[in-house]
Structures are given as structure tokens and as C-alpha cells.
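**Student:** Encoded as C-alpha cells, here's the structure I'll be asking about.
The values are calculated or read from the model by the stated rules, or taken from the named source; none is laboratory data. Keep in mind that what you see is a predicted model, and the values were worked out from it rather than measured. We place every Cβ from the backbone using ideal geometry, glycine too, and count neighbours over all the protein chains shown.
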Amino acid sequence: MIRIVSLIALVALAFAAPSAAQTRAAPAAPPASNLIDLNNASRDDLMKLDGIGEVRADAIIRARPFRAKTELVERRLIPEHLYDRIADKVMARPPPGPAPAPGRPAPQKRG
């Protein structure tokens, strides 16, 4: 009788405990606060990225502003294989647009 109760308890625990596969979380992207903004980062911050040295950091700074991080490859600032290594570490926060003049309404987009 004790064996049966012990066996039932073990079976109950086995089903109650989540499996290791269920408890593993998928790797999360770094929070936005940890991403390097291509439009505002210092030269030293850019050089912390794998494969970005002084020359590439200076080229990125000269090419600002960026609307999207993919422009690094589109403008041929870095090769695609390097972009693949740093894409999850950078972002391109668009610079704020000019504020409308006081007393004048903002222009409307036509489309």
C-alpha cells in the first residue's frame, strides 16, 4: 500500500512540475535602452561594436542622420556580414523634425 501511495505521489509530481523545455525562455532582444543609437552615439560608443574601429566610427558620424539602421549597408559604410553581427545592438532613432513656426499650422501631407 505504501508503494502505491509513493508511486502516485511521484506521478503527480512529475505532471505538476513543468518540463525544462517549458521553463526555458526564448532569447530576448536587448532592451532599447541598451541599444546604441547611430544618430547620437559617441565615437567611443560606436567603437565598442564588434568590427567598428576609428575609421568606420568616423564614417558613421559623418553620414548622420540615419532613418534606419539598414542604411549602414545601403550607404556602403559597412559590409553586410558586419551588419549581421551588430544589427541587434544598434538602432536609428530618427532625429526630431523641425517644429512648425508659431502661429502657423503644420503642413499637411498630400497623398
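**Student:** Cβ-Cβ distance below 8 Å, separation of 6 or more or different chains: which pairs start in the stretch 42-61 with a residue that is of a type in the set (Lys, Arg) and end on one that is assigned to a loop (DSSP other than H, G, I, E, B)?
**Tutor:** Filtered contacts from the stretch 42-61: 56/77; 56/78.
**Student:** A further question follows. Do the conditions hold for residue 45, that is, is it in contact with a strand residue (DSSP E or B) (Cβ under 8 Å, 6 or more places away or on another chain), modelled with pLDDT of 60 or more, within 25 Å of residue 96 (Cα to Cα) and part of a helix (DSSP H, G or I)?
**Tutor:** yes
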